[in-house]
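Here the structure comes first, spelled out in structure tokens, and everything after it is commentary.
The values are calculated or read from the model by the stated rules, or taken from the named source; none is laboratory data. None of the values given here were measured: they were computed from a predicted structure. Methodologically, a virtual Cβ is constructed for each residue, glycine included, from the backbone with ideal geometry; neighbour enumeration extends over all protein chains shown. The protein model used for the area step is the full one, side chains on, heavy atoms only, and it has no ligands, DNA or RNA in it. Shrake-Rupley method; radii C 1.70, N 1.55, O 1.52, S 1.80 Å.
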Amino acid sequence: MATPASAIVGGVPATTPYATSLQSFSSTTSGGADGAEATANFECGGVLIAPTWVLTAGHCIPYTTGQARLNSLSWKEGGEAIPIKAVFRDPASDPTGARFNNDGGLVQLAEPAHSQPLPLAAFEQPKTTPGTLQGWGLTCDDLLGDSTDPCWKSKPEHLQELSMKRVDDHVCDLLSPSGTQLMEPATMMCLVPSKDGKSGACFGDSGSPEFLTLQVLDKVTKRRRSQPVVFGIQNAIMNASSFKDGSGNLIPNVCSVGPNGAINRDALTKVSPELPWIINTIAAHDRSASASVQRNLITPGDLAPDTLGAPGK
């Protein structure tokens, strides 16, 4: 349905944790990282883009108040757990959630992470090369309009991932119950699963990264190397605008099947239109981190020959 997404249906266990787990705490006890008395609750995904900055979805910001867990396939343990210092939401987004445009969010960490940040793409994702979406959350979606559906308890501890490909923006066209077009191509892109079958983002994938592993030329050595590059942030499921159809019947498989049995559609926030806000927001609080994000940007000129249509040499 057209709603913030949470987890992946029909995915496979990830082997490399590029996604970051953003968490809240169930109590206000002191601390906030590993060893504190508070219980951590998974809220959304994100991706580390500088040692103290995580990019996520704007609609996740009200819930990401506790800690970030990085470099771990499990959202519950392992890796680094770092308290959250501050959060920021793109002011161009709609805080009511009625529209999904400019759905960018930033999380500032209380201390630098040792994990390696991922570079952001300074250009839009092509339709020729599939990407990978990672996330935690629901792994089934039988009848989620029913609050007693066991699928609501299917959130995995292990990070999942799914191969996705970009398609024409109009494929994700969807009207809200009030008649508003929810797909806004200026800041959103439409992705579908790369293979047939019931699969897609669901309710935990929100804010999680979608990346392409590209062949780039190292900025220092100029040698060819493989590099995951973030092109999108999971935003919304675009299969239905409600859990019920026009007759009031519950719609099954809202996360994995499109209207009338068509392939599932997911809308992601495009990274490239969000770059000015990302860079300027970070610069207002940490100029060195902002400079780091800019240095790490991947442009078409950074691609190795014959990568995504880059000219051969």
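As a rough guide to protection, the peptides 14-21, 278-285, 294-301 ranked by mean Cβ packing within 10 Å, highest first, stand as 14-21, 278-285, 294-301.
What is the chain by shape, rounded, prolate or oblate, if you read a ≥ b ≥ c off the alpha carbon gyration tensor as root eigenvalues and call it rounded for a/c under 1.5, prolate for a/b larger than b/c, and oblate otherwise? Oblate is the answer for the chain, as a/c is 1.5 or above yet b/c matches or exceeds a/b. Of the beta bridges in the chain, as assigned by DSSP with both residues counted there, near 95 percent are antiparallel. Ellipticity at 222 nm from helices only: DSSP H runs of n ≥ 4 in the chain, each -39500 (n - 2.57), divided by the residue count, give -2500 deg cm²/dmol. Using C-alpha pairs below 8 Å separated by at least 6 residues, the relative contact order for the range 236-305 is 23 percent. The lysines within cross-link reach of Lys155, meaning a Cα-to-Cα straight distance under 27 Å and a gap of 8 or more places when in the same chain, are Lys76, Lys85, Lys165, Lys195, Lys198, Lys244, Lys270. About its Cα centre, the dipole of the chain is roughly 900 debye, where the only charges are +1 on Lys and Arg Cβ and -1 on Asp and Glu Cβ. Ranking Gln116, Met189, Val47 by how far each Cα lies toward the positive end of the dipole of the chain (charges on Cβ) leaves Gln116 at the top. Take each peptide in 86-96, 261-271, count the other Cβ atoms within 10 Å of every residue, and average; sorted highest first, the result is 261-271, 86-96. Ligands, DNA and RNA are left out, and with a 1.4 angstrom probe the accessible area of the chain is 42 Å² per residue.
On the chain, 51 percent of the accessible area sits on carbon and sulfur atoms, based on a 1.4 Å probe.
Backbone amide hydrogens, once placed in the peptide plane, bring Lys244 within less than 5 Å of Ile251, excluding anything fewer than 5 places away on its chain. Within the shell defined by Cβ-Cβ distances under 14 Å, the residues around Leu182 carry a net charge of -4, with Lys and Arg each +1 and Asp and Glu each -1. Near Lys165, the amide H atoms lying under 5 Å from its own belong to Gly131, Val192, Ser194; only residues 5 or more places off or on other chains count, and H is placed 1.01 Å from N.
The string of couplings for the range 220-235 from the Karplus curve (6.51, -1.76, 1.60, θ = phi - 60°) is 9, 8, 6, 8, 6, 8, 8, 9, x, 10, 7, 10, x, 10, 4, 10 Hz, one whole number per residue in order, with x for Gly and Pro.
Computed on the Cα atoms alone, the convex hull of the range 120-192 gives a volume of 131 cubic angstrom per residue. Summing charges over neighbours of Phe100, with a neighbour being any other residue whose Cβ is under 10 Å away from its Cβ, gives -2 when K and R count +1 and D and E count -1. What net charge is computed for the residues neighbouring Asp149, neighbours being all others with C-beta under 10 Å from the C-beta of Asp149, Lys and Arg scored +1, Asp and Glu -1? So the surrounding residues net to -2. When the GluC sites (Glu not before Pro) in the range 65-126 are filtered for DSSP coil states and for at most 11 other beta-carbon atoms within 10 Å of their beta-carbon, no site remains. Placing a pseudo-label 7 Å from each Cα along the Cα-to-Cβ vector at Asp94 and Asn71 gives an inter-label distance of 4.0 nm. Around the Cα centre of the range 128-177, unit charges on the Cβ atoms of Lys, Arg, Asp and Glu (plus for the first two, minus for the last two) sum to a dipole of about 200 debye. Mind checking which lysines have their C-alpha under 17 Å from Lys222, skipping anything on the same chain fewer than 8 residues away? Correct list for Lys222: Lys313.
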